[in-house]
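The values are calculated or read from the model by the stated rules, or taken from the named source; none is laboratory data. On a predicted model such as this, the values are computed, not experimentally measured, just so you know. FYI the Cβ positions are ideal-geometry reconstructions off the backbone, even for glycines, and counts take in every protein chain you see. What goes into the accessible areas is simple: the full protein's heavy atoms, side chains included, and nothing from ligands, DNA or RNA. Shrake-Rupley method; radii C 1.70, N 1.55, O 1.52, S 1.80 Å.
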Amino acid sequence: AVVRGCGGVWCRAWRRGAGGPAPAPRGQRAVACNARGGAVPAGKSGLAPWVPVVGLEIHAQISSNSKLFSGSQVQFAAPPNSLVSFFDASLPGTLPVLNRRCVEAAVMTGLALNCSINKKSLFDRKHYFYADLPAGYQITQQRVPIAVNGSLSYSLCIDSKMSQMVPKTVRIKQIQLEQDSGKSLHDDTRSQTLVDLNRAGVGLMEVVMEPDMCCGEEAAAAVRELQLILQTLGSSQAVMAEGQLRVDANVSVHHPGEPYGVRTEVKNINSIRFLAKAVDYEIQRQIEELENGGTIQNETRAFDSKLGCTVPMRDKEGKQDYRFMPEPNLPPLILYDAKSLPANMNHQQVVNIDLIRERLPDLPSVQRAKLVERYGILPEHSFTLLNEDGLSEFFENVVKQTQMKPKKVIGWILNDLLSYLKQHSLTVKESPVSSFLLADLLNLLEKKEISSTAAKQVLAELWKGDGKTPLEIVKEKKLELIQDQKELEQICQAVIDGQENEVIMMVLG
């Protein structure tokens, strides 16, 4: 039996091969995304339908030179324990000093996600005991976070060619500021754990999404849109490979009309592709477990990317007592807008919500609409341009420098250049073919000085990065189109004269 969405749309992850989850083991069933939410089984009569529910908690590292409460530098892959202040190491007598940049980044993100910004928010201590948390507690915002009640709009692609995009929305429960923990490095060979506190105290925004999604593909699309928004705002670099964006997925299944089922939490997923796989696998596992008469444990699980499955980490049956308490060393965080800002207040010492709102850049959705309107390209092409870092700017630079119409340029960008980049695992910024060189090549093609086939040969030569211009390659390879009719006639005559026997045979039939 295969679980289908009530909208009849097959989960694209199951048709992409390497791009989607590993095939379900025998007896297990695939889960389908659909435009309206929900999933029901098909194939075996009498089976009650199952509705998967997915909610996300996302930790985004704030793009800041220093940590949330100390002046220590933030730098990826620095030597272990080289960026640790007395406060980060929790030495007695040290006090937190709030980083203004982190507050502004959280406000900016909240505004971009249509949240209400709380003019008064509070800090709390969340107690738990890990080796990489020296103080034994984390400073967070549990009672009154900085932003609440927002929404994220994104588009779900429901076919492999990206020609059908379904608009979706997920509610944002809250965004809260909190400090990161350090990092434990487990050395199994020596049976010891090493602790690196460079990450301890780095500023995080935790974005809590309501359980409005129903499959891995939806979760992946929502996180990708959030990642683009964060990068556009500059509030986070959101590079998942460097731990700057980490996702916890809460997954459960239930029958329609019944309360939500027992949920499991899949922790610390660091790849959008793995997120889709982890969520879909967990949905399948829970359905299989329940239909075999088992029960779902309220537990924390991890995703094993090599095996393509989730594995238990720890159970959550006994609720952990974090012993939340107000942070005694930090006063309430007070923000202002144009109306509430006192006349005698120093503007440099406060955070003005309205001023941040005015400085918001165009978000990805607006950028896509402008690309479609300005250049007449297809909406799905605008998604690809923005999904690849730097590709939109590359496209616009080529359009400015070439006589070719944008609709033709987009084909060369997406079909040829992007194909080369993916083949060699390069980013747009690492491309040996600059926007100037590609525009030069397309101008030769547009002027009919070379054929389309010849242009592809020239692009292949440009990719070698030898420093030659398209025109130099054309002349060197003798790829020019001959425009002189007399010259063409002479070439044809020379061919005929050199092949007399073949010509006679063709004439005689």
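Tell me yes or no: at least one residue of the stretch 463-470 is closer than 21 Å to LEU385 by Cβ, assigned by the TED database to the domain that holds HIS381 and open to solvent by less than 100 Å² (accessible area, probe 1.4 Å). Yes, the stretch 463-470 contains at least one residue that is closer than 21 Å to LEU385 by Cβ, assigned by the TED database to the domain that holds HIS381 and open to solvent by less than 100 Å² (accessible area, probe 1.4 Å).
Does GLY294 count as in a loop (DSSP other than H, G, I, E, B) and either over 17 Å from PRO211 (Cβ atoms) or open to solvent by 40 Å² or more (accessible area, probe 1.4 Å) (or both)? So GLY294 fits the description; yes. Within the stretch 367-378, being over 13 Å from GLU225 (Cβ atoms) and either open to solvent by less than 70 Å² (accessible area, probe 1.4 Å) or at pLDDT 95 or above (or both) holds for ALA369, LYS370, LEU371, VAL372, GLU373, ARG374, TYR375, GLY376, ILE377.
The set of residues in the stretch 327-346 being surrounded by 10 or more Cβ atoms within 10 Å (Cβ to Cβ) and either within 34 Å of the chain's Cα centre (by Cα) or more than 28 Å from ARG125 (Cβ to Cβ) (or both) consists of GLU327, LEU330, PRO332, LEU333, ILE334, LEU335, TYR336, ASP337, ALA338, SER340, LEU341, MET345. ASN268 fulfils the conditions (1) in contact (Cβ under 8 Å) with a residue 40 or more places away in the chain; (2) open to solvent by 20 Å² or more (accessible area, probe 1.4 Å) except for a single criterion, (1).
Filtered by the rule that a residue be in a strand (DSSP E or B) and either closer than 18 Å to GLN349 by Cα or more than 27 Å from the chain's Cα centre (by Cα) (or both), the stretch 84-129 gives LYS120, SER121, ASP124, ARG125, LYS126, HIS127. Looking only at the stretch 137-146, decide whether some residue is within 23 Å of the chain's Cα centre (by Cα) and in contact (Cβ under 8 Å) with a residue 60 or more places away in the chain. No, because not a single residue in the stretch 137-146 is within 23 Å of the chain's Cα centre (by Cα) and in contact (Cβ under 8 Å) with a residue 60 or more places away in the chain. Residue check: is LEU177 open to solvent by less than 10 Å² (accessible area, probe 1.4 Å), assigned to a strand (DSSP E or B), out of contact with any His (no Cβ under 9 Å at 6 or more places or on another chain) and in the same structural domain as ARG101 (by the TED database)? Spelling it out, LEU177 is indeed open to solvent by less than 10 Å² (accessible area, probe 1.4 Å), assigned to a strand (DSSP E or B), out of contact with any His (no Cβ under 9 Å at 6 or more places or on another chain) and in the same structural domain as ARG101 (by the TED database).
When GLN320 is tested against (1) open to solvent by less than 60 Å² (accessible area, probe 1.4 Å); (2) assigned to a loop (DSSP other than H, G, I, E, B); (3) of a type outside the set (Phe, Trp, Tyr), exactly one condition is not met: (1). Each residue in the stretch 380-426 was checked for being open to solvent by less than 70 Å² (accessible area, probe 1.4 Å) and touching a residue at least 60 places away in the same chain (Cβ under 8 Å), and 5 pass. It is to be established whether one or more residues within the stretch 145-158 are part of a loop (DSSP other than H, G, I, E, B) and at pLDDT below 95. Yes, the conditions are met somewhere in the stretch 145-158. None of THR169, THR189, THR140 is modelled with pLDDT of 95 or more and open to solvent by 50 Å² or more (accessible area, probe 1.4 Å) except THR169. List the number of the failed condition for ASP132; all other conditions in (1) over 26 Å from the mean Cα position of the chain (by Cα); (2) of a type in the set (D, E, K, R); (3) more than 25 Å from GLN73 (Cα to Cα) hold. With respect to (1) over 26 Å from the mean Cα position of the chain (by Cα); (2) of a type in the set (D, E, K, R); (3) more than 25 Å from GLN73 (Cα to Cα), ASP132 is out only on (3). Close Cβ contacts (under 9 Å, 6 or more residues apart or on different chains) running from residues in the stretch 251-262 that are without any contact (Cβ under 8 Å) to a residue 60 or more places away in the chain to residues that are open to solvent by less than 40 Å² (accessible area, probe 1.4 Å) and among the polar types (S, T, N, Q) comprise VAL262/SER252; VAL262/GLN286.
To keep it simple, each residue is scored yes or no on (1) at pLDDT 90 or above; (2) more than 43 Å from the chain's Cα centre (by Cα).
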site: LEU444; (1), (2): yes, no
site: ALA454; (1), (2): yes, no
site: GLY465; (1), (2): no, no
site: PRO470; (1), (2): yes, no
site: LEU479; (1), (2): no, no
site: ASP484; (1), (2): no, yes
site: GLY498; (1), (2): no, yes
site: MET505; (1), (2): no, yes
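Annotation note: of GLY243, GLY257, the sole residue that is of a type outside the set (D, E, K, R) and more than 30 Å from THR94 (Cβ to Cβ) is GLY257. Yes or no: SER64 hydroxyl-bearing (Ser, Thr, Tyr), open to solvent by 40 Å² or more (accessible area, probe 1.4 Å) and at pLDDT 95 or above? No; evaluated as a whole, the condition is false for this residue. For the stretch 427-436, residues that are of a type in the set (Val, Ile, Thr) and without any contact (Cβ under 8 Å) to a residue 24 or more places away in the chain total 0. Give the residue that is nearest to the chain's Cα centre (by Cα), with candidates limited to residues of the stretch 231-268 that are part of a loop (DSSP other than H, G, I, E, B) and among the charged types (D, E, K, R). Top of the filtered list is ARG263.
With respect to the conditions (1) touching a helix residue (DSSP H, G or I) at 6+ places or on another chain (Cβ under 8 Å); (2) part of a strand (DSSP E or B), ALA302 lacks only one, and its number is (1). Answer yes if at least one residue in the stretch 216-229 is out of contact with any Lys or Arg (no Cβ under 7 Å at 6 or more places or on another chain), outside any loop (DSSP other than H, G, I, E, B) and closer than 29 Å to ASN81 by Cβ, and no otherwise. No, the stretch 216-229 contains no residue that is out of contact with any Lys or Arg (no Cβ under 7 Å at 6 or more places or on another chain), outside any loop (DSSP other than H, G, I, E, B) and closer than 29 Å to ASN81 by Cβ. From the list ILE58, ILE146, ILE117, the lone residue that is in the same structural domain as ASN198 (by the TED database), more than 30 Å from LYS339 (Cβ to Cβ), open to solvent by less than 40 Å² (accessible area, probe 1.4 Å) and of a type outside the set (Asp, Glu) is ILE58.
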